[in-house]
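Please read the structure below before turning to the comments.
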Amino acid sequence: MPAGAWVIPGSEEIQDDALKTTARRDVVLLGESHEDAEHHRWQLHTIAALFGHRPDMVLGFEMFPRSVQPVLDRWTRGELEEAAFLREVDWQQIWSLDPELYMPLFHFARMHRLPMLALNVDRETSRRVAQQGLAAAGSAREGIGDPAPASPSYRDRLFESFKTHPARGAEPNADSEPNADSEQFTHFVEAQIFWDRAMAEAIAGALRHQPRPLVVGIMGSGHIEYGDGVAHQLAALGVNDVATALPWNSDADCRVPDPKIANLLFGLASPTATRTPPPRLGVVVSTAEHGVKIEQVSAHSVAEATSLRVDDVIETAAGVSVRRPADLRAIIRRQAPGTWLPLSVRRGEAILEMVARFPAE
């Protein structure tokens, strides 16, 4: 996989006119590993090149739920400064990663007055589907239709993710083996295809405008690979003129790219680990009356070492009141390696003073 070149997976031939051809499509999906800065630089350069061929562009972002669409509209009209924009979309709550990873993309849209499209649903909606399934979501689905079923290959890949990501629905009993026939995994799959469907419906809606724009979707690579995610849901909606493109860390991944993984790959010379991973407590939390309630504790995490438990309510961290999950994430993000974080935790009727010790590396 040559660095700095576009390649069709399974072919060694460099595609010099890849973007000119791709710009003729209705939809282009650009993948990413969320915390890899090099992937976001690639996205920006790709969007700029596509814009040179198709200035009638709409940029869709997985990062934003539909509820903040009016804020995105004000940003692209130049009515908000950066700090106000991040505050009004409630960035820490909706995405929580370093905004500097994404701001160049947002500024590109603002500079060229390109519409920014919120592709996602609210976290609470996704959490409800993941915990209870689609049927239980009922009218709280934000108008999203029934997703097309996941393909067997998609289910297989999702099961591998399910086994290693308790924060997204893994088995609550750490002593039990993950089960592909379990209700938890069924809900996990339903949450994923619901997520894919939500983004596909937003993209399909943008294509109904006349003249028909080029819609570029910015999202995690897992929603793009093998055409099983968003592209699959778009096909179910009758949108088939879709191109998928992924960054490929050529000197960090020695796998031969599967020919079916995407329409195009771009070789990146930099290894994936270009940024220091952020500190993590290792819990999934929800809003409680006086703090945040722990829903899950990851194995081998700082939280497990601290003896935090499911149903504990974290009321303060570093002496600061915690009112919602975003408050806790913001405090943890500032935690330096090798430092201690005092926590005030309600367990039943008792108030416990605990200290989370973050590793030096």
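The values are calculated or read from the model by the stated rules, or taken from the named source; none is laboratory data. Because the structure is predicted, anything quoted here is derived from the model rather than measured. Here the Cβ is made from the backbone with ideal geometry for all residues, glycine too, and neighbour counts use every protein chain on show.
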Of the residues in the stretch 2-18, those that are closer than 22 Å to HIS53 by Cβ and assigned to a loop (DSSP other than H, G, I, E, B) number 7
Checked the stretch 22-42 for anything out of contact with any Lys or Arg (no Cβ under 7 Å at 6 or more places or on another chain), over 15 Å from ALA262 (Cα atoms) and part of a helix (DSSP H, G or I); matches are GLU38, HIS39, HIS40, ARG41, TRP42
Taking first residues from the stretch 183-204 that are over 15 Å from GLU142 (Cβ atoms) and second residues anywhere that are among the charged types (D, E, K, R), the pairs with Cβ under 8 Å that are 6 or more apart or on different chains are GLN184/GLU171; PHE188/ARG168; VAL189/ARG155
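For (1) under 21 Å from VAL239 (Cβ atoms); (2) surrounded by 18 or more Cβ atoms within 10 Å (Cβ to Cβ); (3) modelled with pLDDT of 95 or more; (4) not hydroxyl-bearing (Ser, Thr, Tyr), each residue gets a yes or a no:
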site: ALA23; (1), (2), (3), (4): yes, yes, yes, yes
site: GLY31; (1), (2), (3), (4): yes, yes, yes, yes
site: LEU50; (1), (2), (3), (4): yes, yes, yes, yes
site: HIS107; (1), (2), (3), (4): no, no, yes, yes
site: SER126; (1), (2), (3), (4): no, yes, no, no
Within the stretch 110-124, restricting to residues that are free of Cβ contacts under 8 Å to residues at least 40 places away in the same chain and part of a helix (DSSP H, G or I), the one that is surrounded by the most Cβ atoms within 10 Å (Cβ to Cβ) is ARG110
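Could you tell me whether any residue of the stretch 132-150 is closer than 30 Å to PRO279 by Cα, in contact (Cβ under 8 Å) with a residue 24 or more places away in the chain and outside any loop (DSSP other than H, G, I, E, B)?
Start the filter on the stretch 132-150 by keeping residues that are closer than 30 Å to PRO279 by Cα, which leaves 132.
When the remaining residues are screened for being in contact (Cβ under 8 Å) with a residue 24 or more places away in the chain, the result is 132.
Subset that is outside any loop (DSSP other than H, G, I, E, B): 132.
Yes, the conditions are met somewhere in the stretch 132-150.
Let's see how each residue does on (1) surrounded by fewer than 19 Cβ atoms within 10 Å (Cβ to Cβ); (2) on the phi > 0 side of the Ramachandran plot:
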| residue | (1), (2) |
| --- | --- |
| PRO277 | yes, no |
| VAL284 | no, no |
| ALA318 | yes, yes |
| ASP327 | no, no |
| ILE332 | no, no |
| ALA336 | yes, no |
| ALA350 | yes, no |
